Amino acid sequence: MTLIELVLAMAVSAILMAALNDVVKLGLDAQTVGRGNNELAYHGSFALEKISDKGRSLAPKNLTTSPVANTTGFWFSVSDTICSSTTSCVMYCLNASNQLIESVTSDTGCTGTNVIARNVSSFSASLPDNAGAIDKSIVKISLSLTGANNNTLDITSNIRLGGGAL
(Lines give C-alpha, C1' and ligand atoms only; values in the text may rest on other atoms or scores of the structure.)
Protein backbone atom coordinates (compact mmCIF):
# COMPACT_ATOMS: atom_id res chain seq x y z
CA MET A 1 0.00 0.00 0.00
CA THR A 2 1.47 3.35 -1.00
CA LEU A 3 1.36 6.63 0.85
CA ILE A 4 -0.99 8.14 -1.76
CA GLU A 5 -3.46 5.28 -1.36
CA LEU A 6 -3.33 5.63 2.42
CA VAL A 7 -3.97 9.41 2.29
CA LEU A 8 -6.79 8.91 -0.23
CA ALA A 9 -8.43 6.24 1.96
CA MET A 10 -8.20 8.51 5.00
CA ALA A 11 -9.78 11.42 3.07
CA VAL A 12 -12.68 9.23 1.92
CA SER A 13 -13.14 7.95 5.50
CA ALA A 14 -13.16 11.52 6.86
CA ILE A 15 -15.87 12.53 4.37
CA LEU A 16 -17.98 9.49 5.27
CA MET A 17 -17.57 10.14 9.01
CA ALA A 18 -18.61 13.80 8.57
CA ALA A 19 -21.78 12.73 6.72
CA LEU A 20 -22.50 10.10 9.35
CA ASN A 21 -22.02 12.69 12.11
CA ASP A 22 -24.68 14.94 10.53
CA VAL A 23 -27.13 12.04 10.32
CA VAL A 24 -26.56 11.10 13.97
CA LYS A 25 -26.95 14.75 15.08
CA LEU A 26 -30.20 15.04 13.10
CA GLY A 27 -31.52 11.90 14.80
CA LEU A 28 -30.58 13.14 18.27
CA ASP A 29 -32.21 16.52 17.60
CA ALA A 30 -35.41 14.80 16.47
CA GLN A 31 -35.36 12.64 19.60
CA THR A 32 -34.99 15.75 21.80
CA VAL A 33 -37.91 17.50 20.10
CA GLY A 34 -40.04 14.36 20.33
CA ARG A 35 -39.25 13.95 24.01
CA GLY A 36 -40.18 17.61 24.61
CA ASN A 37 -43.49 17.18 22.77
CA ASN A 38 -44.29 14.02 24.75
CA GLU A 39 -43.51 15.79 28.02
CA LEU A 40 -45.79 18.71 27.08
CA ALA A 41 -48.58 16.30 26.16
CA TYR A 42 -48.14 14.44 29.45
CA HIS A 43 -48.25 17.60 31.57
CA GLY A 44 -51.25 18.99 29.68
CA SER A 45 -53.17 15.71 29.87
CA PHE A 46 -52.41 15.38 33.58
CA ALA A 47 -53.71 18.90 34.26
CA LEU A 48 -56.90 18.36 32.24
CA GLU A 49 -57.54 15.01 33.93
CA LYS A 50 -57.09 16.56 37.38
CA ILE A 51 -59.53 19.34 36.51
CA SER A 52 -61.96 16.83 34.97
CA ASP A 53 -61.90 14.65 38.09
CA LYS A 54 -62.74 17.65 40.24
CA GLY A 55 -65.57 18.65 37.89
CA ARG A 56 -67.07 15.17 37.90
CA SER A 57 -67.13 15.12 41.71
CA LEU A 58 -69.28 18.28 41.94
CA ALA A 59 -73.04 18.43 41.95
CA PRO A 60 -74.42 19.62 38.60
CA LYS A 61 -74.84 23.37 38.46
CA ASN A 62 -75.91 25.88 35.84
CA LEU A 63 -73.17 28.19 34.61
CA THR A 64 -74.15 31.56 33.24
CA THR A 65 -71.07 33.67 32.59
CA SER A 66 -67.43 32.90 31.94
CA PRO A 67 -65.02 33.51 34.83
CA VAL A 68 -62.23 36.08 34.94
CA ALA A 69 -59.53 35.45 32.32
CA ASN A 70 -56.95 32.78 33.21
CA THR A 71 -59.09 31.31 36.02
CA THR A 72 -62.05 28.99 36.51
CA GLY A 73 -63.52 31.33 39.12
CA PHE A 74 -66.26 29.75 41.27
CA TRP A 75 -67.08 27.09 38.67
CA PHE A 76 -65.40 24.27 40.62
CA SER A 77 -66.75 25.39 44.01
CA VAL A 78 -69.79 24.01 45.77
CA SER A 79 -71.48 27.41 45.77
CA ASP A 80 -70.96 30.69 43.95
CA THR A 81 -71.15 32.71 47.14
CA ILE A 82 -70.47 30.48 50.15
CA CYS A 83 -67.32 28.46 50.69
CA SER A 84 -67.50 26.32 53.80
CA SER A 85 -63.94 25.01 53.50
CA THR A 86 -60.95 25.42 51.22
CA THR A 87 -61.55 22.02 49.62
CA SER A 88 -65.00 23.07 48.43
CA CYS A 89 -63.69 26.32 46.95
CA VAL A 90 -61.26 25.01 44.37
CA MET A 91 -60.18 27.32 41.57
CA TYR A 92 -57.67 26.76 38.79
CA CYS A 93 -55.64 29.73 37.60
CA LEU A 94 -52.59 30.68 35.54
CA ASN A 95 -49.92 32.61 37.45
CA ALA A 96 -47.25 35.01 36.16
CA SER A 97 -44.67 32.19 36.05
CA ASN A 98 -46.72 30.27 33.44
CA GLN A 99 -47.80 27.65 35.97
CA LEU A 100 -51.33 26.27 36.21
CA ILE A 101 -52.20 26.35 39.90
CA GLU A 102 -54.90 24.55 41.87
CA SER A 103 -55.86 27.15 44.46
CA VAL A 104 -58.90 28.54 46.26
CA THR A 105 -61.32 31.21 45.10
CA SER A 106 -60.11 33.68 47.71
CA ASP A 107 -56.62 33.58 46.12
CA THR A 108 -57.26 36.43 43.68
CA GLY A 109 -53.56 36.80 42.88
CA CYS A 110 -53.10 33.11 41.99
CA THR A 111 -50.29 32.71 44.51
CA GLY A 112 -51.06 29.11 45.50
CA THR A 113 -48.32 26.49 45.58
CA ASN A 114 -50.14 23.44 44.17
CA VAL A 115 -48.71 23.47 40.62
CA ILE A 116 -50.46 21.01 38.29
CA ALA A 117 -48.73 22.07 35.03
CA ARG A 118 -45.73 24.16 34.02
CA ASN A 119 -44.94 25.95 30.76
CA VAL A 120 -48.58 26.93 30.26
CA SER A 121 -48.68 29.88 27.87
CA SER A 122 -52.46 30.31 27.98
CA PHE A 123 -55.38 28.91 29.95
CA SER A 124 -59.08 29.52 29.62
CA ALA A 125 -62.31 28.25 31.08
CA SER A 126 -65.44 29.15 29.16
CA LEU A 127 -68.89 28.02 28.20
CA PRO A 128 -68.89 26.00 24.98
CA ASP A 129 -69.73 27.86 21.80
CA ASN A 130 -73.50 28.05 21.19
CA ALA A 131 -74.29 26.45 24.55
CA GLY A 132 -78.01 25.91 24.99
CA ALA A 133 -80.12 25.44 28.12
CA ILE A 134 -79.10 21.80 28.50
CA ASP A 135 -75.40 22.68 28.15
CA LYS A 136 -75.21 25.13 31.04
CA SER A 137 -73.25 22.68 33.19
CA ILE A 138 -70.53 22.15 30.57
CA VAL A 139 -67.12 23.76 31.00
CA LYS A 140 -64.69 24.13 28.11
CA ILE A 141 -61.09 24.07 29.40
CA SER A 142 -58.29 25.05 27.01
CA LEU A 143 -54.55 24.88 27.65
CA SER A 144 -51.64 25.96 25.49
CA LEU A 145 -48.23 24.73 26.56
CA THR A 146 -44.89 25.93 25.18
CA GLY A 147 -41.75 23.83 25.42
CA ALA A 148 -38.07 24.72 25.57
CA ASN A 149 -37.73 24.60 21.78
CA ASN A 150 -40.76 26.92 21.35
CA ASN A 151 -42.88 23.95 20.31
CA THR A 152 -46.49 24.49 21.34
CA LEU A 153 -49.31 22.13 22.17
CA ASP A 154 -52.97 23.10 22.43
CA ILE A 155 -55.32 20.85 24.42
CA THR A 156 -59.05 21.33 24.95
CA SER A 157 -61.56 19.35 26.98
CA ASN A 158 -65.28 19.70 27.66
CA ILE A 159 -66.35 18.70 31.15
CA ARG A 160 -69.90 18.32 32.43
CA LEU A 161 -69.90 19.39 36.06
CA GLY A 162 -71.30 16.49 38.04
CA GLY A 163 -71.77 14.35 34.99
CA GLY A 164 -68.38 13.20 33.71
CA ALA A 165 -66.38 14.24 30.66
CA LEU A 166 -67.95 14.61 27.23
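Here are the numbers:
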read-out	value
Matching residues in segment 42-53 - criterion: being modelled with pLDDT under 90 and surrounded by fewer than 16 Cβ atoms within 10 Å (Cβ to Cβ)	53
Given (1) more than 19 Å from the chain's Cα centre (by Cα); (2) surrounded by 15 or more Cβ atoms within 10 Å (Cβ to Cβ); (3) not in a helix (DSSP H, G or I), number of the condition residue 93 does not satisfy	(1)
Selection status of residue 67, more than 19 Å from residue 93 (Cβ to Cβ) and part of a loop (DSSP other than H, G, I, E, B)	no
Of the criteria (1) closer than 30 Å to residue 142 by Cβ; (2) out of contact with any Phe, Trp or Tyr (no Cβ under 9 Å at 6 or more places or on another chain), which one residue 70 fails	(2)
Residue in segment 101-120 that is modelled with the lowest pLDDT, counting only those that are of a type in the set (Gly, Ala, Ser) and surrounded by 15 or more Cβ atoms within 10 Å (Cβ to Cβ)	112
Residues within segment 151-166 that are at pLDDT 70 or above, at negative phi and either part of a strand (DSSP E or B) or surrounded by fewer than 18 Cβ atoms within 10 Å (Cβ to Cβ) (or both), tallied	10
Residue match in segment 143-150 (condition: modelled with pLDDT under 90, out of contact with any strand residue (DSSP E or B) (no Cβ under 7 Å at 6 or more places or on another chain), farther than 29 Å from residue 39 by Cα and hydrophobic (A, V, I, L, M, F, W, C))	no
Test: residue in segment 77-88 that is closer than 18 Å to residue 158 by Cα, surrounded by 11 or more Cβ atoms within 10 Å (Cβ to Cβ) and at pLDDT below 90	yes
Residue count, segment 1-56 (criterion: under 30 Å from residue 101 (Cα atoms) and among the β-branched types (Val, Ile, Thr))	3
Search result, residues across segment 49-73 that are more than 16 Å from the chain's Cα centre (by Cα) and polar (S, T, N, Q)	57, 62, 64, 65, 66
Residue match in segment 20-42 (condition: within 24 Å of residue 128 (Cβ to Cβ), out of contact with any Pro (no Cβ under 6 Å at 6 or more places or on another chain) and among the aromatic types (Phe, Trp, Tyr))	no
Among the candidates 98, 37, residue that is at pLDDT 90 or above, touching a strand residue (DSSP E or B) at 6+ places or on another chain (Cβ under 8 Å) and surrounded by 12 or more Cβ atoms within 10 Å (Cβ to Cβ)	98
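The values are calculated or read from the model by the stated rules, or taken from the named source; none is laboratory data. Nothing here was measured: the structure is a model prediction, and the numbers come from that model. Positions of Cβ are generated from backbone atoms using ideal geometry, with glycine treated the same way; all protein chains shown enter the neighbour counts.
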